[in-house]
Amino acid sequence: MLKIGDFSKLSRVSIRMLRHYDDIGLLKPAETDTFTGYRYYREDQLFQIGRITALKDMGFSLTDIIRMLEVYDDREKLDRFLSAREEELERISKETEYKLTLLETARKRLRKEQNMNFDVTVKTIPERYAATVHMVIPHYEDEGMAWAMMGECKNMVPADPCLAAAEFLDKEYKEENAEIVVWMTVKGTYEDTEHVKFKTLPAVKVASCIIRGSYEQMGDATATVISWISENGYQVTGPMFNIYHVSPNETKNPDEYVTEVCFPIG
């Protein structure tokens, strides 16, 4: 039999923690002296404390470990615990990777001393003839589906200059099933197809600002324009839209994107 101090040294688990394990029923001493209260452990209990330590290192709670030790000899049940923990860690890993990406982007912007101020201007986008695709997409980041639909018209000739934009029709942020219209100005006239409709879009007065660089700036730019509209006595009169002057279609380098955030005003 091993005294608790010796068992602590061999197992590399503190006496305080061993007492806690006893209190919660995770690892009971083999014997407890009724007069002195001293705890004694069998040598084979070192294997049990080793299992507990290994499961803790995997991130299991003590409550889970108690349940797992009850079925430790049932490989199928034990594997279900391990599989569930593996899935949880993979999810946490993906979330952590996403957060690290956001942090890296923020630090890059700081290192570049990127100007976070956006100049807002009022302009009128003139009447224009455009190919349009109106659809509901699973998520906002699936906007490319609408542009791919636009590609079914192979004979279109872009206007010069060509404006390509996405208009967001929902009155609130939608986590799924977002309604959008994408449009691109073209030369000539064309017959409608199943998905592409050709229209003369009316002139529209907008408050807008230019973003040079990645789309991570979109939130700051949008907030700047909305604040400017309120401070200058205007009202938003229609759905906002983004004009993609330089988009992923022209360059693979996000630093070279040029996007114009537009809010119709009156």
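The values are calculated or read from the model by the stated rules, or taken from the named source; none is laboratory data. Note that the coordinates shown come from a computational prediction; the quantities given were computed from them, not determined experimentally. For neighbour counting, all protein chains shown are included, and Cβ atoms are generated from backbone atoms with ideal geometry for every residue, glycine included. SASA here: full protein model, heavy atoms, side chains in, ligands and nucleic acids out. Shrake-Rupley method; radii C 1.70, N 1.55, O 1.52, S 1.80 Å.
Just to make sure I understand: if all protein chains stay in place, what is the order of 94, 252, 197 by accessible area at 1.4 Å, largest first?
252, 94, 197
In whole percent, what relative contact order does segment 1-113 give with Cα contacts below 8 Å and a gap of six or more residues?
Over segment 1-113, the number comes to 19 percent.
Using 1/(1 + (r/R0)^6) with R0 = 41 angstrom and r between the beta carbons of residue 38 and residue 94, what's the FRET efficiency to the nearest 0.05?
The computed FRET efficiency comes out at 0.25.
Please list 3J(HN,Hα) in residue order for segment 157-169, calculated via the Karplus relation 6.51 cos²θ - 1.76 cosθ + 1.60 where θ = phi - 60°; whole Hz, with x for glycine and proline.
Taking θ as phi minus 60°, the curve returns 10, x, 5, 10, x, 9, 9, 10, 9, 10, 10, 9, 8 Hz for segment 157-169.
Just by accessible area at a 1.4 angstrom probe, what is the order of 193, 63 from largest to smallest?
63, 193
For the chain, just run the numbers: alpha carbon Rg, then divide by 2.2 N^0.38 Å, N being how many residues it has.
Working it through for the chain, the quotient is 1.71.
Quick check for you: with a 1.4 Å probe and neighbouring chains kept, what is the accessible area per residue of the chain, in Å²?
Normalised by residue count, the accessible surface of the chain is 64 Å².
Run the accessible area of the chain with a 1.4 Å probe and give the carbon-and-sulfur part as a rounded percent.
The C+S portion of the solvent-accessible surface of the chain is 51 percent.
What's the long-distance tail for segment 1-83, i.e. % of Cα pairs beyond 14 Å?
64
To the nearest 10 degrees, how steep is helix 218-231 against the longest Cα principal axis of the chain, on a 0 to 90 scale?
Taking Cα atoms only, the helix is inclined about 60 degrees.
Can you give me the C-alpha center-to-center distance between segment 166-190 and segment 52-72, rounded to a whole angstrom?
52
Excluding residue 139 itself, what net charge comes from residues whose Cβ is under 11 Å from its Cβ, given Lys and Arg +1 and Asp and Glu -1?
So the surrounding residues net to -4.
Over the chain, what is the relative contact order in whole percent, taking alpha-carbon pairs under 8 Å and six or more residues apart?
In percent, rounded to a whole number, it is 15.
Using θ = phi - 60° and the Karplus curve 6.51 cos²θ - 1.76 cosθ + 1.60, what whole-Hz ³J(HN,Hα) does each residue of segment 192-199 get, with Gly and Pro shown as x?
4, 10, 4, 10, 9, 10, 9, 9
Hey, can you rank 155-162, 131-138 by average C-beta count inside 10 Å, highest first?
131-138, 155-162
At 1.4 Å probe size, with no ligands or nucleic acids counted, give the accessible surface of residue 240 in Å², nearest ten.
About 40 Å², ignoring ligands and nucleic acids.
Work the Kirkwood hydrodynamic radius out for segment 109-266: mean of 1/r over every pair of different alpha-carbon atoms, inverted, in Å.
Radius from the Kirkwood sum: 16.6 Å.
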